[in-house]
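Following: one structure in structure tokens, then a few remarks.
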Amino acid sequence: MESGKNLRLGVIGCGRMTMGAHLQAFAKLENCTVTAVCDVDIEAAKKAQAECGAAFVTDDYKEMLPYIDAAFVVLPHKYHYPCGSFFLENGKHVLMEKPLANTEEECQGLIGLAEKNNLKLMVAYPVPYWRGVVKLKEELDSGKYGKIIQMSIWTEQYTEQDGSVNRLGGGQLFSHGCHYIDILLRFLGQPVSGFHMGTNTGTPWMEKEGTSNVVIKFANGAMGYHFGTWGARGSSHVYDFQVHTEHGFFEYKHYDSILTFIHNMGPDVGTGKYPRDITWNFNDKSKQTQYELNHFIDCVLNDKQPLTDPRSALESNRLIWKLYEAEEKGTIADLTDIRAKTEYLEVLR
């Protein structure tokens, strides 16, 4: 599409994610209008239509083609490939809810179709676009705080749903932890080794783990840790990012929308070389999904490469699959070969 045009966006899936996380963002879109909505539950689709003002509503996404330029796929993971491939085959750009797809072959198929047809394919990972995470990365990338020693991410929720592997593609780590594996890769670089331990104690609706612990060592010497659970009955962390560096400590509490830097230990305390503490308050306690959506719109209208591109999403998936495989064997996972290669499989039929 030419720069300056208004993008017509179709939304496929009007369940919890759309109504709870994305609906508030639709009113904040730039150069874009939600023109069509779809759900197999037509009443759910009509409710979303009433909320966002879409002109067209349907229970069959194949009917949306004349009304949209791009599709936002917000469906259970097992439907990502068939739905995404339909739109890519028919000339529509695709914003795909995470994870990209449930298998290597499906991911490669979607990537191949997007490349072949010169279309944008982006994964809807919102976390890299959150204002506090953007600022955290800017500060760490500046180098003034020294090297990263450890990055730890906690996500604690109560999420009861159909926890079958057929639907989710894995457990809590694959379905939700993929957000934070993506962040660890963006912040810390090349992974070397790691392990995962999970349990479904407290989350009996899950076929695989509902609570997950991941430890990763990176080539630069940094360590990464992620704890995620769908079985929380209480939490002080909720969504909490902590980074130890050679010269201080960062903490980003997402639900407070506050980033802090603390320097109160070590030989430089009291020298004035590093401030004792700094606070950045972003005053945004929304879901902040408008940032990822506006990035996608900008990439389509101005022919830019998405930050959360499908290759990086496939790398996160590969890392998780390797962790799962090693967990089953009781070994440490070799993570040195997760980078998404440039050759793509033929599109699945």
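The numbers here are math on the coordinates, done by the rules we state, and not lab data. What you are looking at is a predicted structure, and each value in this text was computed from that prediction instead of being measured. Methodologically, a virtual Cβ is constructed for each residue, glycine included, from the backbone with ideal geometry; neighbour enumeration extends over all protein chains shown.
Classify region 188-287 as rounded, prolate or oblate, taking a ≥ b ≥ c as the square roots of the eigenvalues of its Cα gyration tensor: rounded when a/c is under 1.5, otherwise prolate if a/b is larger than b/c and oblate if not.
Oblate shape, in that a/c is at least 1.5 and b/c is the bigger or equal ratio.
Amide H of Glu207: which non-local residues (sequence gap of 5 or more, or other chain) have their own amide H closer than 5 Å, using H built in the peptide plane?
It is Gly163, Ser164, Val165, by chain and number.
For region 211-283, what relative contact order do you get, as a whole percent, if you take Cα pairs closer than 8 Å and at least 6 residues apart?
The normalised contact order for region 211-283 reaches 18 percent.
Counting each DSSP H run of 4 or more residues in the chain as -39500 (n - 2.57), what helix-only mean residue ellipticity at 222 nm follows after dividing by all residues, to the nearest 500 deg cm²/dmol? Spell out each step's value before the answer.
Numbers: 9 runs with 97 residues, N = 349.
Result for the chain: -8500 deg cm²/dmol, rounded to the nearest 500.
Can you give the longest run of the chain that contains no GluC sites (Glu not before Pro) sitting in a DSSP loop with at most 13 other Cβ atoms inside 10 Å?
Maximal segment without exposed cleavage sites: 31-159.
What residues qualify as long-range amide H neighbours of Ser193, i.e. H under 5 Å apart, gap of 5 or more or another chain, H built at 1.01 Å from N?
Residues meeting the criterion, in which the H sits 1.01 Å from N, are Lys217, Leu335.
When the chain is modelled as a GNM with alpha-carbon springs shorter than 10 Å, which of Met122, Met64, Met19 fluctuates the most?
Residue with maximal mean-square fluctuation among Met122, Met64, Met19: Met19.
What distance in nm separates the two pseudo spin-label positions at Thr331 and Arg311, each 7 Å out from Cα along the beta-carbon direction?
Taking the two extended label points, one gets 2.8 nm.
Given R₀ = 30 Å, FRET efficiency for Met265-Ala219 by Cβ-Cβ distance, to 0.05?
Efficiency computed from Cβ-Cβ geometry: 0.65.
Calculate the spin-label point distance for Lys137 paired with Lys28, positioning each point 7 Å from the Cα along the beta-carbon direction, and give it in nanometres.
1.7 nm
Which cross-chain or sequence-distant (5 or more) residues have an amide H under 5 Å from the amide H of Asn200, H modelled 1.01 Å from N in plane?
Gly210
What list of ³J(HN,Hα) couplings, whole Hz, do you get for region 79-91 from phi and the Karplus terms 6.51, -1.76, 1.60, once you set θ to phi - 60° and write x for glycine and proline?
Along region 79-91, the couplings run 9, 4, 5, x, 6, x, 5, 4, 6, 5, 5, 10, x Hz.
Multiply the residue gap between Asp256 and Thr201 by 0.36 nm, knock off their C-alpha separation, and tell me the result in nm, one decimal place.
16.9 nm is the gain from fully extending Asp256 to Thr201.
Could you derive backbone 3J(HN,Hα) for region 214-221 from the dihedral phi with the Karplus parameters 6.51, -1.76 and 1.60 (θ = phi - 60°), listing whole Hz in sequence and x where the residue is Gly or Pro?
Coupling constants for region 214-221: 10, 10, 10, 9, 10, 4, 7, x Hz.
Go through region 280-297 residue by residue and turn each phi into a ³J(HN,Hα) via Karplus (6.51, -1.76, 1.60, θ = phi - 60°); whole Hz please, and just put x for glycine and proline.
Those phi angles translate into 10, 10, 8, 6, 9, 9, 6, 5, 6, 7, 5, 6, 5, 5, 5, 5, 4, 4 Hz.
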